[in-house]
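Working notes, structure below.
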Amino acid sequence: MGGPHGHALHWHGHSPVHALAPQVKLVALALFVVSVVATSTSNWWAFGVHALLLGGAITVARVPVTSLVRRMWIEVPFVVFAVLMPFVSTGPRTQLLGVTVSEPGLHAGLALLARGTLGVLASLLFAATTEAPDVVRGLDRLRLPQQLVQILGFTVRYLDVVTDQLRRMRMARESRGFTATSVRQWPVLASTAGALFIRSYERGERVHLAMLSRGYGGRMPRAEAEHVSARAWILGLTVPVLAATVAIVSHLL
């Protein structure tokens, strides 16, 4: 049985996708997204194949589709832009459901919608099968610049702390009868944001001093890299390699 666990997007499970090393899933996600973006819009069947490949990965991961669909709200800006493109673009006009729209704009909007949906779904599947600390560990094992890894690691570690502090500040405001109902309350919200920033900055300084007192010299100790077998790489890269092949074929046909 699986279920929400860890961060809000993670779905706890024991599928083969969950068991893959985080660096394998990071490379697989990047390759799949690049393949989708590089697919020619002259052959729409290719996006259907990408969707089937992604659907197969979701099935293997045993992540409920409803859980992923509920989080698709992040795609709303892409959908709005894709819907507007046929109406604001220039070029030859065509009829769609009784409305005159731009043919190039309609084509571009559909391509944006297809690519955005596939990319967002792939990213949500990655988030559902990978814990946030594992993402940081995977980036470290892929030899991402150490400073970027440290910044991301501290962000993951202290994001919940800062969010909880913001929640307590909001409860303190509301317990004193404050409700943000108009623009006149914006200065209070701005003061809250400023106070939260100052407290977070001071906490960062205290954490840094504590790290220095324990011998921190600018680099975090690198965890011993676990061995990832060739079989794991082949299993993890099967879907993105097939997607890359489809993208190449879409340009050749």
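Going through the range 157-203, which chymotrypsin sites (Phe, Trp or Tyr not before Pro) have at most 15 other Cβ atoms within 10 Å and a DSSP loop state?
Counting only loop positions with at most 15 other Cβ atoms within 10 Å, the chymotrypsin sites (Phe, Trp or Tyr not before Pro) in the range 157-203 are 178.
At 222 nm, what value in deg cm²/dmol follows for the chain if DSSP H runs of at least 4 each add -39500 (n - 2.57) and the sum is divided by all its residues, to the nearest 500? Write out the running numbers ahead of the final one.
On the way: 10 runs with 175 residues, N = 253.
Calculated mean residue ellipticity at 222 nm is -23500 deg cm²/dmol.
Can you give me the C-alpha center-to-center distance between the range 109-163 and the range 8-52, rounded to a whole angstrom?
So the separation of the two Cα centres works out to 14 Å.
What full-extension length gain, to one decimal in nm, is calculated for residue 170 and residue 66 as 0.36 nm per residue of separation minus the Cα-Cα distance?
Numbers: separation 104, 0.36 × 104 = 37.44 nm, distance 3.16 nm.
The span from residue 170 to residue 66 would gain 34.3 nm if fully extended.
Where in the range 33-89 are there trypsin sites (Lys or Arg not before Pro) that are in a DSSP coil and have at most 14 other Cβ atoms within 10 angstrom of their Cβ? Please list the in-between numbers first.
Numbers: sites: 62, 70, 71; in loops: 62, 71.
For trypsin sites (Lys or Arg not before Pro) across the range 33-89 that sit outside H, G, I, E and B with at most 14 neighbouring Cβ atoms in 10 Å, the list is empty.
If you take the beta carbon distance between residue 163 and residue 220 as r and set R0 to 30 Å, what does 1/(1 + (r/R0)^6) give as a FRET efficiency, to the nearest 0.05? Spell out each step's value before the answer.
On the way: r = 23 Å, r/R0 = 0.78.
Efficiency, from the Cβ-Cβ distance: 0.80.
Report which label in (i) -0.30, -0.37, -0.66, -1.14; (ii) -0.35, -0.44, -0.71, -1.09; (iii) -0.48, -0.60, -0.95, -1.20 holds the value of log10 I(q)/I(0) by the Debye sum over Cα atoms at q = 0.08, 0.09, 0.12, 0.16 Å⁻¹ derived from the coordinates of this structure.
Derived directly from the coordinates: (iii).
Which residue fluctuates most in the GNM of the chain (Cα springs below 10 Å): 34, 76, 135?
Looking only at 34, 76, 135, the largest GNM fluctuation is found for 76.
Tell me, what is the per residue accessible area of the range 126-253 in Å², probe radius 1.4 Å? Show your work: numbers first, answer last.
On the way: 9010 Å² over 128 residues.
In whole numbers, the range 126-253 has 70 Å² accessible per residue.
Using a simple spin-label model with points 7 Å from Cα along the Cα→Cβ vector, what separation in nm is obtained for residue 179 and residue 34?
5.3 nm
Kindly write out, for the range 76-85 in residue order, the coupling ³J(HN,Hα) from the Karplus curve 6.51 cos²θ - 1.76 cosθ + 1.60 (θ = phi - 60°), rounded to whole Hz, with x marking Gly and Pro.
3, x, 5, 5, 4, 5, 5, 5, 6, 4
Among 73, 129, 211, whose Cα projects farthest towards the positive end of the dipole of the chain, with charges put on the beta-carbon of Lys, Arg (+1) and Asp, Glu (-1)?
211
Starting from the Cα-Cα distance between residue 80 and residue 208, subtract it from 0.36 nm times their residue separation and give me the gain in nm to one decimal.
Working: separation 128, 0.36 × 128 = 46.08 nm, distance 4.31 nm.
Length gained between residue 80 and residue 208: 41.8 nm.
Each residue of the range 182-187 in order: what ³J(HN,Hα) in whole Hz does its phi give by Karplus 6.51 cos²θ - 1.76 cosθ + 1.60, θ = phi - 60°, with x for Gly and Pro?
Karplus-based 3J(HN,Hα) across the range 182-187 equals 8, 5, 5, 8, 4, x Hz.
Tell me, rounded to the nearest percent, the portion of alpha carbon pairs in the range 38-113 spaced more than 18 Å apart. Before the final figure, lay out each step's value.
Working: 1602 of 2850 pairs.
Percentage above 18 Å: 56.
Round to a whole number: what % of the accessible area of the range 83-228 belongs to carbon and sulfur, probe 1.4 Å? Mind dumping the intermediate values first?
Working: 6170 of 9710 Å².
The nonpolar share, carbon plus sulfur, comes to 64 percent.
Quick one: Karplus J couplings for the range 227-244, per residue in order, coefficients 6.51, -1.76, 1.60, θ = phi - 60°, nearest Hz, x for Gly and Pro?
6, 9, 5, 4, 4, 5, 5, 5, 4, x, 9, 4, 5, x, 5, 4, 5, 5
Between residue 143 and residue 110, 0.36 nm times their residue separation minus their Cα-Cα distance comes to what?
8.2 nm
Provide the net charge surrounding residue 122, with neighbours chosen by a C-beta distance below 11 Å and charges set as Lys +1, Arg +1, Asp -1, Glu -1. Could you put the intermediate results ahead of the total?
Details: positive: 25, 115; negative: none.
Net charge in that neighbourhood comes out at +2.
Evaluate the charge dipole of the chain about its Cα centre and quote only its size in Debye, nearest 20, assuming +1 on the Cβ of each Lys and Arg and -1 on the Cβ of each Asp and Glu. If you can, show how the numbers build up before the last one.
Values: 23 positive and 12 negative charges, 133 e Å.
So the magnitude is around 640 debye.
Given C-alpha coordinates of the range 5-69, what is the ratio Rg to Rh with the Kirkwood estimate of Rh? Walk me through the numbers before you get to the answer.
Values: Rg = 13.5 Å, Rh = 13.4 Å.
Here the Rg-to-Rh quotient is 1.01.
Protein chains only, probe 1.4 Å: how do 184, 141, 206, 167 rank by accessible area, largest first?
Values: 184 200, 141 50, 206 140, 167 100 Å².
If we order 184, 141, 206, 167 from most to least accessible, we get 184, 206, 167, 141.
The values are calculated or read from the model by the stated rules, or taken from the named source; none is laboratory data. Computed from a predicted model, the values in this text were never measured in an experiment. Ideal geometry is used to build each Cβ from the backbone, glycine not excepted, and the neighbour counts take in all protein chains shown. The protein model used for the area step is the full one, side chains on, heavy atoms only, and it has no ligands, DNA or RNA in it. Shrake-Rupley method; radii C 1.70, N 1.55, O 1.52, S 1.80 Å.
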